[in-house]
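Structure first, commentary second.
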C-alpha cells in the first residue's frame, strides 16, 4: 500500500504483540493490511514507572484512538500472563483459532477501551509446555499459501525460548520449548566462556557451522560436555576470540536441532523430511536455515508478518471487525 | 594426630591448592600428615588489591615460613594458568605423577622462597579438555587403598567444571569436562528459571531425584528442551517454588551422567558397571552418589583429602622433601 493509500485508508482494528521486553502495535485497514505501526520497549517487565500498563497502552495507541475512538483492540503475548495486565488462562492443545477466540479475556483501559487478550496455549504432557504470543504467530502463518491446506506442518519460532510446534490442519497439536536464546545470553554474559570472547565485525558463518556440526556429532554426550570446547579450542589456538560467539551459538542451535530430531523420531517423523516454516527475525531464521541444512533439512522457509496476520485472523474470527469491513479481507 | 603431636611435629613441606576463587594451604610433617592448614578466599581472580599473589602467599604461608624458613613449597591449580602467578604449560595425556613432576615451573616470591607450581593436564582430542588442580587430586586419590593397583578407575570430580577422568594404572588416560556447576548458577541467577525459585530450608532429595530421572529419560531431547520444565511444572502446580532449585540441579546432573554414560559406551564401557571414585565436597559427592544409583551405578565411593595427598605425593616424587623425612611417609 502506498503512503497516500495509508493516509486515506479507514482503520478498523488495532493489534498489539505485547511481550516481556517489547511491544509492537499495528493499525489495520478493512482488508487486513497494516497501515501504520509502532514499536516500543514497553514490554510487561519494562513498563513506564508512572502509569504502568495504561501508560504503555496510551503511548502506543493513544493517537490512533484519538482519530478513531471506537476501534476494537486485540493483544497477544505476555500481556495475558499472570504477570500481565489480566491473565488469560492457557488453552489446551490441540488448539485452533476457534479455541483461542473462546479463551479471549477482556480488560477495560483508563480510556474506557476494551482490550481483548488472546490466551496462550499449554500442552499438558509429562513435561508441560506453554506459549504466549507464538500461538497467534502460528495462526498467522497458517494464513500463508505454503501452509494453507497442508495436513501437517512443522513450525519453528527461534528466539529466547525457541518453540517447535507440530500443526495438523489448523490445530496446534504439540510443541516443545528450547531455552536456546536465553541460555546463550547467560553463558556469554555470566560464565567463563564469555571472558575470552570478542564480538566479530560480522557474523562468522564458518564458526557457527563448526559449532552446529560438533553438536550434531556429540549430541549424546550433551551440551554440558561440548560447551567447554568454546574455551579449550581457544586455548589451543584453533578458535579465535572473534569466532567464539558464533561457535557457541552454533553449538546451542545444533543441540536444539539434534534434540528436535530425536523428539520427531520418537513420533515416527524425520527432521530431514520436514519442510519447516520459520517465524522470527530474518537474521535468526537464516541461521536456523543454515543449521537445519546440516541435518539434511533443506526445505525450510521463512514466514513473514506472522504476528500481524495472526492478530488479524483471530480478531476477525472473534467478530471484532465489522462484517462489511472484512468482506474483502483475508 | 593429636593437638600436642601437631604442635611438636616438625614441618617439612607447605602445599597450596590455589584455585580461581579460593586457596587452601597445608603444612605437612615428615609422614605426610597435615599438621596445620589455612583456607582463604584469595583465589587468583580475587587477589588482594595491594600486593597480589605475594600478599596472598604471605597471608597463607608467612607464619609457617617465619617458624621454619627453608620449607619447600608446592602449589597446584589455577595459580599455574596463563592468568596465574606463572604459567605452567599443560602436560599431555596420558599423564602420570612423573610427567607432572617434569612439568613443574618455579617462581620466586618476594620473601625469596621458591614456589613449585604443578602443571595442568590437556587432552588434545577433537574437542580438547584441560584441567588444573584436578590432576593433583587424582594423584592423591591414587594413593588410596581402593584405587592402588586397580587396572582402570573412573574418577569423578563434581563442581563448577565437573571432570570425569579415566585412570589406567597410575596414568590419567582421558577426561571430559561438564560445565554443570557453572551452568546451574547461570540458570538460577540469570534466567527466568530463577524468578520462581525459593531456597528450601533443607535440600529436597525427592525433587533432585525427580530431575535426575527426567534427564535420564529425556537426554536425547537434550538439556535445552528439559530445563524449561522447571518453570512449567511450577505453573501447573506440580513443582513448588522450594523444589525448583533441587529439581534443576537434578536435571543438570542427570544430563551430565547420561552424557557420561554415552561417552563410556562409545569406548565399550558401561556406567552401571563402574565403581567411580568421587572427589569433592561431601554434600555434592552425596548428590552424585544418589544420581549415579539412578543409572544403576551403585558402587561409587568418596575419596577423602585428595588434594593434600596429591600435593604430598608430587612433592616427594619431585624430591622436595628431604629423603630421611619421607622414610616413614606415604
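Computed quantities for the displayed model
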item	result
Fraction of alpha-carbon pairs over 19 Å apart in region B:68-214 - percent	63 percent
Estimated 222 nm signal from helices in the protein assembly as shown, with DSSP H stretches of n ≥ 4 weighted -39500 (n - 2.57), rounded to 500	-11000 deg cm²/dmol
Hydrodynamic radius of region B:211-311 per Kirkwood, over alpha carbon pairs, in Å	14.7 Å
Label spacing, shortest first and in nm, from residue B:82 to its equivalents in the remaining copies (7 angstrom along Cα→Cβ)	4.6
Cα pair distances in region B:1-87, grouped into 10 Å bins until the bin that holds the longest one, percent each	18, 48, 27, 7, 0
Helix A:306-317 axis, angle to chain A major axis (alpha carbon atoms, nearest 10°)	40 degrees
Most to least packed among B:255-266, A:130-141, A:285-296, A:306-317 [average Cβ atoms within 10 Å]	A:130-141, A:306-317, B:255-266, A:285-296
Hydrodynamic radius of region B:47-141 per Kirkwood, over alpha carbon pairs, in Å	14.2 Å
Normalised convex hull volume, the protein assembly as shown, alpha-carbon set, Å³ per residue	175 Å³
Distance between region A:266-325 and region A:232-248 - C-alpha centres, whole angstrom	33 Å
Volume of the Cα convex hull of region B:126-282, divided per residue and given in Å³	132 Å³
Percent of beta bridges antiparallel (DSSP, the protein assembly as shown, rounded to nearest 5)	70 percent
Inter-chain shielding of B:120-130 (mean C-beta neighbours from other protein chains, 10 Å cut-off)	4
Exam field: residue B:192 pseudo-label spacings to other copies (7 Å along Cα-Cβ), nanometres	3.0
Relative counts (whole %) of C-alpha pair distances in region B:96-162, using bins that are 10 Å wide	17, 40, 32, 10, 1
Using a 7 Å Cα-to-Cβ projection, residue B:171 label spacings across copies, nm, ascending	6.2
Average beta carbon contacts from partner chains per residue of B:179-188, 10 Å cutoff	5
Chain A: relative contact order in percent, alpha carbon pairs under 8 Å with at least 6 residues between	17 percent
Helix A:52-67 axis, angle to chain A major axis (alpha carbon atoms, nearest 10°)	50 degrees
Shielding of A:59-71 by partner chains, average beta-carbon count, 10 Å	0
Orientation-averaged projected area, Cα convex hull of chain A (nm²)	18.1 nm²
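Any read-out appearing in this document is the output of simple, stated calculations on the displayed coordinates, not a laboratory observation. For clarity, every value in this text was computed on a predicted model and none was experimentally measured. Positions of Cβ are generated from backbone atoms using ideal geometry, with glycine treated the same way; all protein chains shown enter the neighbour counts.
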